[in-house]
Amino acid sequence: MQAKRSTRRAGRGPSPKHPVIRIGISSCLLGEAVRWDGGHRRDGLIADLLSRYVHFVPVCPEMEAGMGVPREAVRLVGAAQAPRMVGVVSGRDWTATLRAYARVRVRRLARLDLSGYLLKKDSPSCGMTKVRVHSGKGRASRKGVGLFARELQRHLPLLPLEQEDRLHDAALREHFIERVLAYRRLKDLLDSSCRCNDLVAFHSDHELLLLAHGRGHCRGLERLTAPGTRPRWPSPGKMYADRFMAVLRVRATVAGHGNAMQRAARFLEDHLGAGEKRELRKAMADYRKSRAPRSVPLALLRRHARRQDVAYLQRQIYLHPHPLELKLLNHA
């Protein structure tokens, strides 16, 4: 069944921590019959679950560049860093056409204020990584990037990108959604004529989330926001954005999450009874030992922060990272 091409958002209304977001996507993943053979590659996880929370902006580079449907299959040939796109049978070279289209289309997409992009794996236009590149000797390496995906990476370097097959791994799915929502909040901040104090407050609200991605990665961000060491405004805005997204590209580890939760627990030490402290310590230890999902200690931290009215914790994005209905925290 072909997915409806719509920018309407289904599901619940937005909240301050989870605003409406737009994600670009390879059209075939929504069930649109745009592939070379007239078929599609509809992905139920994306089309049925994620579409409840985002606007999808479907794009098929090959069809939109004028290659038609159905069409001759194409592949990448030559050097992996600068491959050509040619017809498998005819050898017709589509490289210049696709690249010219990609430059224009990506700039139009940038004006739509996307928060992320989902790409079709192995595609000579959309593949983000490990796309086959054929040499003149009939051999193929897995070192290529699709021509359209390469232009996305070049023109929108901070935009979170992911391939659809990787979203079926729970941890990678959580990592992508986390980056998408963080990028949306960052863009909203920088587009709102923010002042230095706004950037400091933004960083404070994301401290535990950043800590989960590694202490060492956060030092540069702390220097950009620490009183007396901040570079002259407005230069910190772009510098902060680059480093913020670079930190989030590093996947959080169990140890990193443990550090973030331990720091959160310190803000509750003077508020909890002995039994509550034991319960929280056990939940965190069970997570570190893979006996329980992260949702268990986070639920306790949220409950205590709300009950004890600990303002710092209630503002932390780490405790409210994404819509609970997505069940992204339920893996150990």
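Listed values, structure above:
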read-out: Proximal charge balance of residue 158 [Cβ under 11 Å; K/R count +1, D/E count -1]; value: +4
read-out: Charged-residue dipole, Cβ positions (Lys, Arg, Asp, Glu), the chain about Cα centre, Debye nearest 20; value: 480 debye
read-out: Distance (nanometres) between label positions extended 7 Å along Cα→Cβ at residue 222 and residue 141; value: 4.1 nm
read-out: Net charge contributed by nearby residues that have their C-beta within less than 12 Å of residue 268 (K/R +1, D/E -1); value: +3
read-out: Residue order, fewest to most surrounding Cβ atoms within 10 angstrom, among 89, 54, 20; value: 89, 20, 54
read-out: Sites residue 37 and residue 57, calculated FRET efficiency, Cβ-Cβ separation with R0 25 Å, nearest 0.05; value: 0.55
read-out: Added length on full extension, which subtracts the Cα-Cα distance from 0.36 nm per residue, residue 99 to residue 250; value: 51.4 nm
read-out: Residue among 21, 240, 134 farthest towards the positive dipole end of the chain, charges placed on Cβ; value: 134
read-out: Helix-only CD estimate at 222 nm, as mean residue ellipticity for the chain, using -39500 (n - 2.57) per DSSP H run (n ≥ 4); value: -12000 deg cm²/dmol
read-out: Loop-resident sites, the stretch 116-222, for trypsin sites (Lys or Arg not before Pro), counting at most 15 other Cβ within 10 Å (DSSP); value: 130, 137, 139, 195, 215
read-out: Percent antiparallel among DSSP beta bridges (both partners in the stretch 21-168, rounded to 5); value: 35 percent
read-out: Fraction of beta bridges assigned by DSSP in the chain that are antiparallel (%, nearest 5); value: 40 percent
read-out: The stretch 21-168, dipole about Cα centre (Lys/Arg Cβ +1, Asp/Glu Cβ -1), debye to the nearest 20; value: 560 debye
read-out: Answer label, with Rg and Dmax of the Cα atoms in Å calculated from the coordinates and candidates (1) 26.3, 84; (2) 17.9, 52; (3) 22.3, 75; value: (3)
read-out: Ranked 239, 128, criterion: other C-beta atoms within 10 Å, fewest first; value: 239, 128
read-out: Projected label distance in nm at residue 276 and residue 158, using a 7 Å step from Cα toward the beta-carbon; value: 3.8 nm
read-out: Nitroxide proxy distance, nm - points 7 Å out along Cα→Cβ at residue 192 and residue 79; value: 4.6 nm
read-out: Net +/- balance of residues flanking residue 243 in space, Cβ distance below 12 Å, scoring K and R +1, D and E -1; value: +2
read-out: Value of relative contact order over the chain, rounded to a whole percent, pairs C-alpha under 8 Å and six or more apart; value: 13 percent
read-out: Least to most buried among 49, 119 (fewest other Cβ within 10 Å first); value: 49, 119
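Values quoted throughout were computed directly from the atomic coordinates according to the rules given, and no laboratory measurement underlies them. Note that the structure is predicted; figures quoted are calculated from it, not measured. Counting neighbours? That spans all protein chains shown, and the Cβs are built from the backbone with ideal geometry, glycine included.
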